[in-house]
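A quick write-up on the structure given underneath.
The values are calculated or read from the model by the stated rules, or taken from the named source; none is laboratory data. Bear in mind that the values here come from a model prediction, so they are computed numbers and not experimental data. Glycine gets a Cβ as well: all are built from the backbone with ideal geometry, and neighbour counts include every protein chain shown. These accessible areas exclude ligands, DNA and RNA; they are computed on the full protein's heavy atoms, side chains included. Shrake-Rupley method; radii C 1.70, N 1.55, O 1.52, S 1.80 Å.
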Amino acid sequence: MATFYDTHAHLDYPDYKDDFAEVIARAQAAGVTKMISIGTSLDSSERAIRLAEKFPAIYAAVGWHPSDAMKAPADLRPALREMCKHPKVVAIGEIGLDYHRLPSVSGAHGVTRPTMPFVVGRVTPCAPSEDDARYKQKQADIFQQQLEIAAETGLNCVIHQRDAFDDTLAQLKPFAGKVRGVFHCFGENADRMKQVSGIGSLVSFTGIVTFKNGQNVRDTVAATPLDKFMLETDCPYLAPVPYRGKRCEPAYVKEISETVAQVKNCSLEELSAATCKTAHEFFPKLIS
Ligand SMILES: [Zn+2]
């Protein structure tokens, strides 16, 4: 059986609290032999590390998600620097910029995420544009701190960007040559994929490739060289067809790999060899 890695999973989320061991067993039965649990805050990163200590197949990425930027401490660097010393911490992430739910539009941030928005109960009114500017600035500040830690520790980054492609690329660019990023859940066009590869970074694809309305992503997959991308679920989100709308889990990399192999017109074995090799190069602390 061709084996694959889930390079982006949120295994510390409460969605798995009742059947965690079964979720991991199903992944392994499906040929998904390694999983990277991605941190979204310091607590979440800490939980990812605990899971990595307990399960040989699990590794951790540590970082603070941009949607929760306003809750971040003024300086994330000391805590992250410590965590990076752990042998199973393989990357900084997920980090980046997200302009999808600005305060002026939503009145709250990241409401679909299980980690809750910071603005609940806020009483001090101020102009929405000021709120937006402050939110974007805080995102940029913590992104910068985390890129610095990546450069310092020699780890690569798992990048989250939504409606912020140009700013994210611009902020990552000065680190090119020292730090590589994987633009996770990539949904941009081939031109943007080439801009990402142009600074030595990568993309990764989720279950969106299986969606009926995912043709734009399949077009980008078709244009991406076999050695320039990885596979991920982003679980518990984005379950592929035929599980769309249900809780996602790492085992479903199987369905994602089948669609990607079709689009790339290659065998599952070739896709396995290419994506696992790319993952080992990108996350050198993954054990073969
Ligand atoms: Zn994620």
Go through the residues of region 221-235 one by one and say whether even a single one is of a type outside the set (S, T, N, Q) and over 30 Å from SER267 (Cβ atoms).
no
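Assess whether ALA61 counts as being away from the ligand (no atom under 16 Å from the Cβ) and at pLDDT 95 or above.
For ALA61, the condition - away from the ligand (no atom under 16 Å from the Cβ) and at pLDDT 95 or above - is not met.
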Self-check item: Test: GLN146 is within 16 Å of the ligand (Cβ to nearest atom), modelled with pLDDT of 85 or more, under 22 Å from PHE229 (Cβ atoms) and crowded, with 17+ Cβ neighbours inside 10 Å
Solution: no
Flagged in region 1-25 as in a helix (DSSP H, G or I), open to solvent by 50 Å² or more (accessible area, probe 1.4 Å) and within 29 Å of GLU82 (Cβ to Cβ), in numbering order, are PRO14, ASP15, ALA21
Those residues of region 26-55 that are under 17 Å from the mean Cα position of the chain (by Cα), within 26 Å of SER267 (Cβ to Cβ) and open to solvent by 20 Å² or more (accessible area, probe 1.4 Å) come to a total of 1
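Considering only residues of region 26-50 that are assigned to a helix (DSSP H, G or I) and within 20 Å of LEU231 (Cβ to Cβ), which is farthest from the ligand (Cβ to nearest atom)? It would help to see each step written out before you state the result.
If we filter region 26-50 for residues that are assigned to a helix (DSSP H, G or I), which is where we start, we get 26-29, 42-50.
Narrowing the set further to residues that are within 20 Å of LEU231 (Cβ to Cβ) leaves 26-29, 48.
Details: ARG26: 20, ALA27: 17, GLN28: 21, ALA29: 24, ALA48: 11 Å.
The selected residue is ALA29.
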